[in-house]
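Reading through the structure tokens given below for one structure.
The values are calculated or read from the model by the stated rules, or taken from the named source; none is laboratory data. Computed from a predicted model, the values in this text were never measured in an experiment. Every residue, glycine as well, gets a Cβ built from its backbone with ideal geometry; the counts of neighbours run over all protein chains shown.
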Ligand code: ACO
């Protein structure tokens, strides 16, 4: 028997079914609420609102659990196995790929790494100080103009072509953006390299000198992408779904996701971490002084706390392991990384942070690792976007397959003026 919830509004009692998810999460189905009572729910920030049913990712923020298609995130911390492309397949198609499927997808990605030559003109049109996320969003939309045959895939063959196109070309767009703002010549993908190694090659090789991709760095980047690949209905994924719900095409929906990710409270947070570290260093502050300022609310300890995780962010746990493993090997001497380690040490044992359940989040460690890899701060959010693209694609496709999906159109409670009239200009 379906469990129900009762809502009493004035004289009226409304009985609503409770939908139970596969992990026992309960959601009250309020779809008849307005029709039956005239009232709506009010939930700024949607902290209590489920926008859809989804089979892709499960999070339990109180317990610090994150699973992709039922598989705990920690199980992806196997160096080289699995890799980002395998996880992408898992998220989008709901199961791990066979060897043949993975090989076919790899070939398709290799075959799609180039951009139409005409797209290069678009890069030239940006000022050298253009924000990389602005370029990336615009370029994803531009890409759609060059591939009208797959922007709105109708079947699985078209959809796989669209995936290969987007996932391969977002990497090229990212690398070209990096090179454009630095005035460096564009470097094309090397068909012999894997996904992450190729990105580093396209970013850092020079025509006269090939960049040596260290195995540790390639593995760490692979893991960073995997850990960022999906996070259920976060701001950018909800944006992709919102835009996609109007039947907007896949490329446009993902371009909108990039814009949402750009904000400092979302994907921009790892940039904020680095900027905080730079402020601490430039101001001659100690980590102790900064933690004290955060406790007095005179500053915020960026990279700590999370809206959903009131426990250790499981992705941060994995990345902390990468930090501990990779940083000593890279032998990076960086005062900012020293400050970060000290902040982490202090906050983890301070009752202010413990009592409020403020743990390091994924951005705290990803910022440190990306910096140690030589990725500049202005490219951090771009790296996040590459990692998150499989999640956006998976949600866009899931929504398209869902026959009950409707255009997203929230309501509001109007608080503006009432009973006003237009006043002609001569009487104002
Ligand atoms: N430093 C110091 N104090 C903090 C921090 C922090 N980073 N985060 C929260 N607090 C304090 C608040 O001041 C508040 O204290 P109070 O109870 O004395 O008033 C308490 O902890 C609860 O904080 P809220 O703001 O209510 O937490 P909320 O869930 O709304 O915010 C957020 C979460 C935005 C992530 C917040 O913790 C924050 O600003 N962190 C720093 C920015 C950051 O790292 N963002 C990345 C998030 S991960 C992601 O988007 C991929």
### Query
Hey, among 27, 50, which residue is in a strand (DSSP E or B) and touching a strand residue (DSSP E or B) at 6+ places or on another chain (Cβ under 6 Å)?
27
### Task
Look at residue 162 and say whether it is at pLDDT 95 or above, in contact with a helix residue (DSSP H, G or I) (Cβ under 6 Å, 6 or more places away or on another chain) and buried (at least 18 other Cβ atoms within 10 Å of the Cβ).
yes
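On the given criteria, is residue 104 free of Cβ contacts under 8 Å to residues at least 60 places away in the same chain, assigned to a helix (DSSP H, G or I) and surrounded by 13 or more Cβ atoms within 10 Å (Cβ to Cβ)?
Yes: the conditions hold for residue 104.
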### Query
Can you list the helices (runs of 4 or more DSSP H) found entirely within the stretch 342-426 that contain at least 2 residues being within 15 Å of the ligand (Cβ to nearest atom), crowded, with 20+ Cβ neighbours inside 10 Å and at pLDDT 95 or above?
380-401
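Looking at 320, 281, 295, which is the one that is surrounded by 14 or more Cβ atoms within 10 Å (Cβ to Cβ) and more than 14 Å from the ligand (Cβ to nearest atom)? It would help to see each step written out before you state the result.
On the way: 281 fails: surrounded by 14 or more Cβ atoms within 10 Å (Cβ to Cβ); 295 fails: more than 14 Å from the ligand (Cβ to nearest atom).
Of the residues listed, the single one that is surrounded by 14 or more Cβ atoms within 10 Å (Cβ to Cβ) and more than 14 Å from the ligand (Cβ to nearest atom) is 320.
When you go through 242, 276 one by one, which is the residue that is free of Cβ contacts under 8 Å to residues at least 40 places away in the same chain and either out of contact with any strand residue (DSSP E or B) (no Cβ under 9 Å at 6 or more places or on another chain) or surrounded by fewer than 16 Cβ atoms within 10 Å (Cβ to Cβ) (or both)?
Going through 242, 276 in turn, the sole match is 276.
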### Task
Search the stretch 327-341 for residues being under 17 Å from residue 277 (Cα atoms) and outside any helix (DSSP H, G or I), and hand back the single one that is farthest from the ligand (Cβ to nearest atom).
333
### Message
Quick test of your reading of the structure: residue 324 fulfils all but one of (1) more than 22 Å from the chain's Cα centre (by Cα); (2) under 14 Å from residue 343 (Cα atoms); (3) in a helix (DSSP H, G or I). Name the failing condition by number.
### Response
(2)
### Message
Let me confirm something: among 29, 43, which residue is modelled with pLDDT of 95 or more and surrounded by 14 or more Cβ atoms within 10 Å (Cβ to Cβ)?
### Response
29
### Message
Can you find, within the stretch 298-312, the residue that is nearest to the ligand (Cβ to nearest atom) among those that are under 19 Å from the mean Cα position of the chain (by Cα) and within 18 Å of residue 264 (Cβ to Cβ)?
### Response
305
### Answer from 230, 214 - the residue that is more than 22 Å from residue 177 (Cβ to Cβ), touching a helix residue (DSSP H, G or I) at 6+ places or on another chain (Cβ under 8 Å) and modelled with pLDDT of 95 or more
230
### Query
Is it the case that some residue within the stretch 269-276 is within 13 Å of the ligand (Cβ to nearest atom), more than 15 Å from residue 360 (Cβ to Cβ) and either modelled with pLDDT under 95 or touching a helix residue (DSSP H, G or I) at 6+ places or on another chain (Cβ under 6 Å) (or both)?
yes
### Task
Pull up the stretch 204-228, narrow it to residues that are in contact (Cβ under 8 Å) with a residue 40 or more places away in the chain, buried (at least 22 other Cβ atoms within 10 Å of the Cβ) and closer than 17 Å to residue 174 by Cα, then point me to the one that is nearest to the chain's Cα centre (by Cα).
228
### Query
For the stretch 171-199, what are the residues that are surrounded by 15 or more Cβ atoms within 10 Å (Cβ to Cβ), assigned to a helix (DSSP H, G or I) and free of Cβ contacts under 8 Å to residues at least 60 places away in the same chain?
172, 173, 175, 179, 180, 197
### Summary
Counting only residues in the stretch 297-319 that are out of contact with any strand residue (DSSP E or B) (no Cβ under 7 Å at 6 or more places or on another chain) and in a helix (DSSP H, G or I), the one farthest from residue 287 (Cα to Cα) is identified as 318
